[in-house]
Amino acid sequence: MIRQKLVSLITRAAAKAQEQGKLPSVVLPPVTLEHPQNPEHGDYASSLALKLARATSLKPLAIAEEISRFIEATPEVDTITVAPPGFINFTIKNEWLTGQVAEILKAGSAYGNSHLGQGSRVQIEFVSVNPTGPLHVGHGRGAILGSTLANVLSATGHNVEKEYYINDAGSQIDAFARSLYARYQQGLGASIELPSDGYLGHYMSDLAQEIIDEAGERFRKMPELEAVSEIGRLGLDKMIKQLKTDLELLGVTFDVWFSEQSLYDNGQYQEAMALLQDRGYIGDREGATWFFSTTLGEDKDNVLVRGDGSPTYFAADIAYHYNKFVERKFDRVINIWGADHQGHVSRMKAVISAFGIAPERLQVIISQMVTLRRGSELVRISKRSGDIITLREVVDEVGADACRFFFLSRSADSQMDFDLELAKKQSADNPVYYVQYAHARIASILRLAQEKGIDFSAGDVSLLTTEPELTLIRKMLLLPEIIELAATTLEPHHLSYYAQDLATVFHGFYTQCRVVSDDEALSKARLKLVAAARLVLAKTLTLMGMAAPDKM
RNA sequence: GUCCCUGUAGCUCAGUGGAUAGAGCGGCUGCCUUCUAAGCAGCGGGUCGAGCGUUCGAAUCGCUCCAGGGACGCCA
């Protein structure tokens, strides 16, 4: 990447200036490069001289002059200028820029990829909603965040595994099974009360009806305990299938669906507890078993095993993370949790430390709340009670691409309103179509070229000299930086802003530059440019999990 | 009370300690005989919640407030 090349160029120049005594030998801060917002300041700018001013007690402008004198000439850089108060500005050669068009075409769909991750094994776990009810929009946000992040990490050379953790054990599943059994009985005409801690949504009745249709009265003939257990298992399977298909509709898929129950069945829960026990982090108090989080700097201790002998959610999660780090030996684990799990983060990191594992290897992304509304009316999305608007319904209403783009247009940190009315009303003016339209326009140009039988493989890119053409190339060259930024900060939302930028620049080019014209040579050059632009746009859309349509 | 997130244009939100703070939507004005007008060009819009500090330089970092949201369970 050219950015890195420039960084090392500056670093070498500064070191050389020091060697030759032109610059005091102070410790050099890491060189950073930025894109000046004013294009007159060039393509890249370094503020190294400004940062060195204090330590060297020299004027920043003088330092910049001195360093720039030692920067070697390269094929990429056109001019290097020093500007007050002490910036070193780089302008890239037009010939190099246009030459990149061919490079992009050669790279194809791999354009923008890197080896940043060096094949390290990264697990990213997200959604992981209890299979006791349908997904709502908040879950959709985590789903899209996770799947896009996985794409970005794969593109940057990480060995990524996407995982859904199924809470198929514990009291919630029990409540689910009892609720479903009650609805089943009701569906067959029995007057049975629903459990007080049960799931009351309509989907439970639908689920019960489905079971009645398939199995009839079979479960009525069994002992109740057995019937509850079997119906629970059946219902769970159906719920999980539903989760899968709903997520697939959003373009979200997983490599592994991990069962919580398996941790108990294969003894890893016991192993994890034993390990903490050995290390002295576990003890009994008030009839329960506790994890002594306070010895690791936490505010309070936490219960692992209740008075009735059943493990808490926390204990199960400890076993799960034991499995991730100790059993499966992931280099890095990324969890995406909803804002309501915020308090869980630091004690989970404490557990990782207790295992003797560097807590930095666990990264938790908290996706903030989504409130759903129709106009000014707030729509409740609570699972336990009554009516909810499911993610499925939202996707049906708004469309998968628009959903993905919408969620990717905000950082995970900020809470957001999802206004269904607005989402639908704005759908025609939605930025998602703006971006996809640019892609469709390019496809249309390429179709025309094909109809005319134009072979542009030998097009001469050096004919691309006008401002709209070069601006487009410059923007295309930004993608690798954006991907790297998204991967290192774990913030996929940068992609959507880049996609809009790129589309804007393309639309500008399109209105100013006729691609297929009477000028045969120029047509071929521009067709090359446009073909490359299409690749870059498609790559960006693909990373976001969106379609890159040829026609709209 | 403690902890976490947020506060930037009318609205929804970007903004890697750097040069004149941006986009989309909404409002107004123009532009289609030529590759897709789901487009383009232009106009208007700001005490970056407040204050103090660190720095050559702060929307960005620190502290103190204010406002909104969330978490503080032998729920998950």
Residues satisfying the stated conditions in the stretch A:538-552, i.e. closer than 16 Å to A:Arg447 by Cβ and away from RNA strand B (no atom under 13 Å from the Cβ):
A:Ala538
Could you count how many residues in the stretch A:422-438 are touching a helix residue (DSSP H, G or I) at 6+ places or on another chain (Cβ under 9 Å), of a type outside the set (Val, Ile, Thr) and more than 8 Å from RNA strand B (Cβ to nearest atom)?
2
Filter the stretch A:106-115 for residues that are more than 23 Å from the chain's Cα centre (by Cα) and buried (at least 17 other Cβ atoms within 10 Å of the Cβ) and give the result.
A:Ala107
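Inspect the stretch A:97-105 for any residue being surrounded by fewer than 15 Cβ atoms within 10 Å (Cβ to Cβ) and either touching a residue at least 60 places away in the same chain (Cβ under 8 Å) or of a type in the set (Lys, Arg) (or both) and give the result as yes or no. Spell out how you get there, then give the answer.
Step one: filter the stretch A:97-105 for residues surrounded by fewer than 15 Cβ atoms within 10 Å (Cβ to Cβ), giving A:102-103.
Filter once more, so that each one left must be either touching a residue at least 60 places away in the same chain (Cβ under 8 Å) or of a type in the set (Lys, Arg) (or both): A:102.
Within the stretch A:97-105, one or more residues are surrounded by fewer than 15 Cβ atoms within 10 Å (Cβ to Cβ) and either touching a residue at least 60 places away in the same chain (Cβ under 8 Å) or of a type in the set (Lys, Arg) (or both).
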Which pairs have Cβ atoms under 8 Å, sit 6 or more apart or on different chains, and link a residue in the stretch A:167-187 that is part of a loop (DSSP other than H, G, I, E, B) to one that is charged (D, E, K, R)?
A:Asn167/A:Glu260; A:Asp168/A:Glu260; A:Ala169/A:Glu260; A:Gly170/A:Glu260
Tabulated pairs, the stretch A:242-270, first closer than 17 Å to A:Gly133 by Cβ and surrounded by 14 or more Cβ atoms within 10 Å (Cβ to Cβ), second among the charged types (D, E, K, R) and at pLDDT 95 or above, C-beta under 6 angstrom, 6+ apart or interchain
none
All conditions in (1) touching a Phe, Trp or Tyr at 6+ places or on another chain (Cβ under 9 Å); (2) closer than 30 Å to A:Val152 by Cα are true of A:Gln4 except (1)
Take the conditions within 13 Å of RNA strand B (Cβ to nearest atom) and at pLDDT below 90 and apply them to A:Ser47. Does it pass?
no
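I'd like to check which helices (runs of 4 or more DSSP H) are fully inside the stretch A:241-323 and have at least 2 residues that are under 20 Å from A:Gly142 (Cβ atoms), within 13 Å of RNA strand B (Cβ to nearest atom) and within 30 Å of the chain's Cα centre (by Cα). If you could, list the steps in order and put the result at the bottom.
Values: elements: A:260-265, A:268-278, A:313-322.
Here the list reads A:313-322.
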Only one residue in A:Ile365, A:Ile357, A:Ile334, A:Ile352 is surrounded by 17 or more Cβ atoms within 10 Å (Cβ to Cβ) and assigned to a loop (DSSP other than H, G, I, E, B), so which one is that?
A:Ile357
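Give me the residue from the stretch A:398-421 that is aliphatic (A, V, I, L, M) and without any contact (Cβ under 8 Å) to a residue 40 or more places away in the chain and, out of that set, farthest from RNA strand B (Cβ to nearest atom).
Step one: of the stretch A:398-421, the residues aliphatic (A, V, I, L, M) are A:398, A:400, A:402, A:408, A:412, A:416, A:420.
Among the residues that remain, those that are also without any contact (Cβ under 8 Å) to a residue 40 or more places away in the chain are: A:398, A:402.
Numbers: A:Val398: 13, A:Ala402: 10 Å.
If we take residues in the stretch A:398-421 being aliphatic (A, V, I, L, M) and without any contact (Cβ under 8 Å) to a residue 40 or more places away in the chain, then A:Val398 is farthest from RNA strand B (Cβ to nearest atom).
The values are calculated or read from the model by the stated rules, or taken from the named source; none is laboratory data. Quick caveat, the model's predicted, so the values are computed rather than measured. With ideal geometry, Cβ positions are generated from the backbone for all residues, glycine too; neighbour counts draw on all protein chains shown.
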